[in-house]
């Protein structure tokens, strides 16, 4: 007499969808606990995308027993909105992304067309799946060509997950719109079963990719904080030295002109003694803001200590430094009287990068020597190094 055979469970599509919805709800609940309250807009969009996907799968499961049109339309709308929020997260992490307007139109049009054409099966299946596949491809495209530095591995992993989902979504649309071999999204059709398995796997891998992206964002913020002056918002000495060394190496390698300036607010101790340290802080903030506004976007500005600031003018020689000094001095006098109630002035030293010079410390030392000469000569002026 033989014992009972091994227990066999059929691969049930509804069960796979339920597992996926449950996983998404658990991830949606866990992400805020893992990330905490003080998170970026990108992280909020990521959390929202996960929650919307969970609602989308729960709605499509529930639509099999009640309110078919309303719940299935809700599912399509939530799924499309989830991809829009993921796209917004990618914008925050990677900079401006292509096809933004087209994506927004598709996100609105997908559930709208599905609801209006619900009475025609081939239309609604084809419309929803073709447009969702296009949406997924646009979001996958958004992982490429970042404007800011971003890890290639998490971007590649996320793109693979999105393109896999797009492929199965397109296959469902083709079967539903052009054949009679695909009677319903909820039936155990081989494409449905394969899509459910692939989507569960993509869910796990996609979540990993997004968590790596969030960690990279947090690490970047920490590096930025470590190199930023807390009072003025410009680079501190560490950040200025790190960025400046890279820029100088680039200029020296390609034989490009570069000009360094050292600037020091005149009689700053008297400002603190007469008007108080709060006024002194506001004076430093005003000077840093005007300095940044007067420089071009590619120039480098840093607070090197106390009331001393450094500037690197890229692709520019001495005339550019003289022009910057004239503009800044005029703006500073007017703005300090208007905002602080007293006039500010500064002394400055300027040094132009010499052929064969490849050390930032040497360039800044020459500018610092010229700054000392400006102070010795009576302050309130710019002196160029020999």
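Odds and ends about this structure:
- Selection status of residue 191, in a loop (DSSP other than H, G, I, E, B) and either farther than 26 Å from residue 29 by Cβ or outside the structural domain of residue 21 (by TED's automatic domain parsing) (or both): no
- Test: residue in region 249-268 that is more than 23 Å from residue 380 (Cβ to Cβ), in contact with a strand residue (DSSP E or B) (Cβ under 8 Å, 6 or more places away or on another chain), in a helix (DSSP H, G or I) and in contact (Cβ under 8 Å) with a residue 60 or more places away in the chain: yes
Residue-wise test of (1) free of Cβ contacts under 8 Å to residues at least 60 places away in the same chain; (2) surrounded by fewer than 21 Cβ atoms within 10 Å (Cβ to Cβ); (3) within 22 Å of the chain's Cα centre (by Cα); (4) assigned by TED's automatic domain parsing to the domain that holds residue 200.
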{"position": "44", "(1), (2), (3), (4)": "yes, yes, yes, yes"}
{"position": "49", "(1), (2), (3), (4)": "yes, no, yes, yes"}
{"position": "67", "(1), (2), (3), (4)": "yes, yes, no, yes"}
{"position": "73", "(1), (2), (3), (4)": "yes, no, no, yes"}
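- Lone qualifier among 80, 150, 89 - being in the same structural domain as residue 197 (by TED's automatic domain parsing), surrounded by 21 or more Cβ atoms within 10 Å (Cβ to Cβ) and in contact (Cβ under 8 Å) with a residue 60 or more places away in the chain: 89
- Residue that is modelled with the lowest pLDDT [pool: residues in region 321-366 that are over 13 Å from residue 248 (Cβ atoms), touching a strand residue (DSSP E or B) at 6+ places or on another chain (Cβ under 6 Å) and part of a helix (DSSP H, G or I)]: 321
- Residue 289 vs. criteria in a helix (DSSP H, G or I), free of Cβ contacts under 8 Å to residues at least 60 places away in the same chain and more than 27 Å from residue 242 (Cβ to Cβ): no
The values are calculated or read from the model by the stated rules, or taken from the named source; none is laboratory data. Keep in mind the model is a prediction, meaning the values are calculated, not measured. So basically every Cβ, Gly included, is an ideal-geometry build from the backbone, and we count neighbours across all protein chains shown.
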